[in-house]
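Below: one structure, written as structure tokens.
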């Protein structure tokens, strides 16, 4: 018997909850080890515990902080006396977790209730029914309270059945969707363009799958984009028309000068007229390239040079077998503000080479090469012809062509060098335009 009591005492002491037996006068008849430990560490533990005759939760202050217990009591006979047996267990960890969850949920609720973004939770498998919504979603769909939206099927808010069917296909095949555009509708059937982003979430406790997401009304954004796009199209048409008219006007001027030149019998003045016609034609050619490309900010230099070579060789009746022109530029785009003065410089140098570098039956080659480095371009235009006369000084020459080359180089903030050795070579070092400078230049030209 004694042995059985000892075994029972060991069992009671190993149980992870407290056991206490007391009579009606609150005299304690039995406690296990767990109960004795808490009786000594918690102030007024016995008094408060014994005063509870119904199940519930109580808390006690102790050295480690507040401790929470769950209490269960019942009436028993003990040593032929009517007594009460009370069981309790420490639920402090659970209480703390619950409080943390409540605090977190309160923050989440405060956030979702006040955010200006339509949030929702939809239960999948039941016609995509709303189970949670925030005030922003209620307002978005034109309702006055959540109850008007909850438990409604999401398909009611799609204007087109095909859109809802596509939405279902996407959510079935993917764990997440992002910024899917649909025409949605409010309670009064007023349509609006919205984007839906959502992710699948599995509730472990219920084993249900939900779709958590948000909806954005992008109607205003789209309308603004359409207005901007329309304005850009109008400006593009206007720029295209301006370039077209400039090109036509330059061609008209060129034609008038050509007609006028037929009345000039002095070779010197006739040469001046032809040079002017070629310069005008150079500018006209640039505007033609801009018009045809549709890019009103930049132009392909190589494309322009090939067209210029074709025009000049035809104008000066250059024999391709006698004079070859090599071009090594690459597909580099130049800003129009750079391309026009640079095109005029190239025209002056090429015209000079075609006219004077290869007299008689002299054969040779003209080379145009562009070297692209980090912060600048180096444009080389050279020929292996007779070279500039020693009596001609490029810097001090009063030639209109040389004067234009120098003036246009200054306009481009470029450095120009001339080398005469087995022909003539012009080297133009051209700085690249920084984005900020480019933006200022475009503003100044408007």
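The values are calculated or read from the model by the stated rules, or taken from the named source; none is laboratory data. Computed from a predicted structure; not experimentally measured. Glycine gets a Cβ as well: all are built from the backbone with ideal geometry, and neighbour counts include every protein chain shown.
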(Q) Taking the condition of being within 20 Å of residue 415 (Cβ to Cβ) and under 33 Å from the mean Cα position of the chain (by Cα), how many residues in segment 327-348 meet it? (A) 6
**Q.** Matching residues in segment 84-97 - criterion: being surrounded by 12 or more Cβ atoms within 10 Å (Cβ to Cβ) and over 30 Å from residue 25 (Cβ atoms)
**A.** 92, 94, 95, 96
Q. Here is a list of conditions, (1) buried (at least 16 other Cβ atoms within 10 Å of the Cβ); (2) in a helix (DSSP H, G or I), and residue 386 meets all of them except one; can you say which number that is?
A. (2)
(Q) Can you tell me which of (1) under 29 Å from residue 136 (Cβ atoms); (2) more than 30 Å from the chain's Cα centre (by Cα); (3) not assigned by TED's automatic domain parsing to the domain that holds residue 121 is the one residue 252 doesn't meet? (A) (1)
Q) Checking residue 404 against (1) modelled with pLDDT of 90 or more; (2) out of contact with any strand residue (DSSP E or B) (no Cβ under 7 Å at 6 or more places or on another chain), which test does it fail? A) (1)
(Q) With the requirement that a residue be closer than 18 Å to residue 180 by Cβ and part of a loop (DSSP other than H, G, I, E, B), what does segment 118-164 give you? (A) 124, 128, 141, 159, 160
Q) Counting residues that are farther than 21 Å from residue 92 by Cα and at pLDDT 70 or above, which strands (runs of 3 or more DSSP E) fully inside segment 1-79 reach at least 1? A) 18-23, 28-31, 65-78
Q: Consider only pairs whose beta carbons are under 6 Å apart and that are at least six residues apart or on different chains; among these, list those whose first residue lies in segment 280-303 and is in the same structural domain as residue 369 (by TED's automatic domain parsing) and whose second residue is assigned to a loop (DSSP other than H, G, I, E, B).
A: 301/329; 301/332; 302/329
Q. How many residues are over 18 Å from residue 283 (Cβ atoms) and buried (at least 20 other Cβ atoms within 10 Å of the Cβ) if we restrict to segment 319-351?
A. 2
